Structure formats: structure tokens, C-alpha cells
Amino acid sequence: KPIIENITDAIYGSRKTICVISRSYLQSEWCSREIQMASYRLFDEQKDVLILLFLEEIPTHHLSPYHRMRKLVKKRTYLSWPQAAQHPGVFWQNVQRALQTGDAVNTDLLTGPTGR
């Protein structure tokens, strides 16, 4: 199968999609395709099926070329590994909670539209 078809099948065939965002991921030619497909599913199904997990601090202005991701970061709560480094147990509990319910609980270890 073509790569884009594999990406689409994986995203639509999964209960949830976790996008682990790093600078390397943003440099990948497939980054925008993956985010685009996950965003389509998010808006198409009107269910919380996308979890954004930032592996490192990335300033919002670095997300400018990635229009969909920038919009998602402004509107949704997301998980931030650097903010959770001192409390990894709580971080993984929040990941588990997001996988189970789709609702990331807003704690000090999470960031959202008001956090940046």
C-alpha cells in the first residue's frame, strides 16, 4: 500500500491516535499528512480521538508552518513531557486517563490554550 493509505488506515482503524511531537517529527515530510488525517477524523467523528503529546518544548511560533497542529494546540489541552519530568508517574496516569476517556484532566503537568 502507499504510505498515505497506511497512515489513513492506521488512524481510522485505531480507537485513539497519539501524536508524539518533537522537532524531528516536525521536520518529517509525513508530519503534516499525519496531523491532517488525524484532524480530519477528529472533526469528522466529533469525538476526542487525538492526543497530542509534546516530547520537548517547542515554541508556538515554530508551529506556524503546521497550520492544523497550531490550531489544535490553541484549542485543545495537550500533554507535555518536559513539564512532567519531575512527576513522570502523574504524567503516565494522565496519558492513561486520556486514552480511556479522551478527556485530559487539566493539571499542572498539562498545557493547553491558556498555558502558552
Practice task
For residue 20 and residue 3, compute 0.36 nm times the residue count separating them, minus their Cα-Cα distance, and round to one decimal in nm.
Solution key: 4.3 nm
Problem - At R0 = 30 Å, FRET efficiency that the Cβ-Cβ distance of residue 12 and residue 92 yields, to 0.05 - result: 0.70
Exercise for the section: For residue 32 paired with residue 48, estimate the spin-label separation in nm (one decimal), with each label point 7 Å from Cα along the Cα-to-Cβ line. Expected result: 2.9 nm
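Read the figures in this text as sums done on the coordinates, not as results from a lab. Predicted model only: the values in this text are computed from it and were never measured. Positions of Cβ are generated from backbone atoms using ideal geometry, with glycine treated the same way; all protein chains shown enter the neighbour counts.
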